[in-house]
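Remarks on the structure that follows.
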Amino acid sequence: MTDAYVRPDVQMILTMLAQSEQPQMSEVEPAMAREMYNAMAAMLEADAVDIPRIEDLTCPGPAGDIPLRLYDSQAERSAETPVIIFYHGGGFVIGDLESHHSFCTYISREMDLPVIAVDYRLAPEAPFPAAPEDSLAATRWVADNQEKLKLNISGLIPCGDSAGGNLTLVVGQVLAAEPASVPVIAQFPMYPASRMDAEGGSMEEFAEGFLLTKESMDYFNSHYAPKDDDIHVSPYLGDLAQSPPTVLVTAGLDPLRDQGREYAADLIRHGINTTFLEMPGNVHGFINIRKAVPSAQQDVDKMIAAWKTLLANL
């Protein structure tokens, strides 16, 4: 365990979850874990906000059509605009368009930008490298299909939480080396997994009792079956000097905290325009618990302010 600072509203939700008689996600089959995850999100997450454009779409992928969801704070756009491409978290095993729907409506409204969420294939039905393959295919498709999207896209902004944060960094790395038809102008990873061989430090300190546990990470990895030596799962192996401007966010009580810190530090050492934010006393997954943890909403707003500042200074 740890003597790290825990916010009172975070402690309340941790105590509630510890007292729950529900099985852990790592104790059930993936299909049931997905249902549990979405049910928890519905209970803990803030309601979706009203925005004028929400459309379900598909794009071709390496193994069939990939579902997408387009969010826009404006019903129509004529001017050029960046687009946020959002990859959801969930350990590459759980999560979908619904689990992060509320968050996507919120960031579209607050950023006043289109957001396109990618429903990439999940493990174990589609293990590594299905998730990065789909994420890259969808991102390139967005760049190539502006007329169909009714958008005039000036730049791509990969964005995602946890596993989606990993995909954000992977897409940023790959599209730096092999650019899409529209440039990646920034990346916004939230408490990302940046390496699959991480151990010690925060991985041990927060291994139990802080929402994301070592047991659940082992469960996800056993299904995803990543290869540690591949840039498509461990983006720290890539050429960080070619990375786009970055806002990287970690949570203070997260097993993934240290690898996020290290990735941000590496970006800075390579001269990349990088803003690093850590949310002390909060847990992994805080963007999805804003109803139950009011202070998490303040963290999200602080993060969005950093996004706006970075884009305003590009």
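The values are calculated or read from the model by the stated rules, or taken from the named source; none is laboratory data. Given the structure is predicted, the values throughout are model-derived calculations rather than measurements. Note that we place each Cβ from the backbone using ideal geometry, even for glycine, and neighbour counts take in every protein chain shown.
With respect to Ala306, is the statement that it is buried (at least 23 other Cβ atoms within 10 Å of the Cβ), modelled with pLDDT of 95 or more, within 24 Å of Val6 (Cβ to Cβ) and among the aliphatic types (A, V, I, L, M) true?
Considered against the rule, which asks whether it is buried (at least 23 other Cβ atoms within 10 Å of the Cβ), modelled with pLDDT of 95 or more, within 24 Å of Val6 (Cβ to Cβ) and among the aliphatic types (A, V, I, L, M), Ala306 comes out as no.
Taking into account only those residues within the range 218-234 that are in a helix (DSSP H, G or I) and of a type outside the set (D, E, K, R), which is surrounded by the most Cβ atoms within 10 Å (Cβ to Cβ)?
For the range 218-234, the residue satisfying everything is Phe220.
Might you let me know whether the range 120-130 holds any residue that is in a helix (DSSP H, G or I) and of a type outside the set (Val, Ile, Thr)?
Yes, the conditions are met somewhere in the range 120-130.
Got a number for residues in the range 149-186 being under 20 Å from the mean Cα position of the chain (by Cα) and either surrounded by 21 or more Cβ atoms within 10 Å (Cβ to Cβ) or of a type in the set (Gly, Ala, Ser) (or both)?
Number satisfying all stated conditions: 24.
Of all residues in the range 283-295, how many are within 16 Å of the chain's Cα centre (by Cα) and part of a loop (DSSP other than H, G, I, E, B)?
So the answer is 5.
Check whether at least one residue in the range 178-200 is among the hydrophobic types (A, V, I, L, M, F, W, C) and part of a helix (DSSP H, G or I), and report yes or no.
Within the range 178-200, none of the residues are among the hydrophobic types (A, V, I, L, M, F, W, C) and part of a helix (DSSP H, G or I).
Can you list residue pairs whose Cβ atoms sit under 6 Å apart, with the first residue in the range 197-221 being on the phi > 0 side of the Ramachandran plot and the second being among the hydrophobic types (A, V, I, L, M, F, W, C)? Count only pairs 6 or more apart in sequence or on different chains.
So the pair list comes out as Leu211/Val283.
So, in the range 235-258, exactly how many residues are in a helix (DSSP H, G or I) and touching a helix residue (DSSP H, G or I) at 6+ places or on another chain (Cβ under 8 Å)?
Total satisfying the criteria: 6.
Pick from the range 259-273 the residues that are assigned to a helix (DSSP H, G or I) and in contact with a strand residue (DSSP E or B) (Cβ under 7 Å, 6 or more places away or on another chain): which of them is surrounded by the most Cβ atoms within 10 Å (Cβ to Cβ)?
Tyr263
Looking at Pro82, Pro30, which one is in contact with a helix residue (DSSP H, G or I) (Cβ under 9 Å, 6 or more places away or on another chain), of a type outside the set (Ser, Thr, Tyr) and either more than 28 Å from Pro255 (Cα to Cα) or free of Cβ contacts under 8 Å to residues at least 24 places away in the same chain (or both)?
Result of the check over Pro82, Pro30: Pro82.
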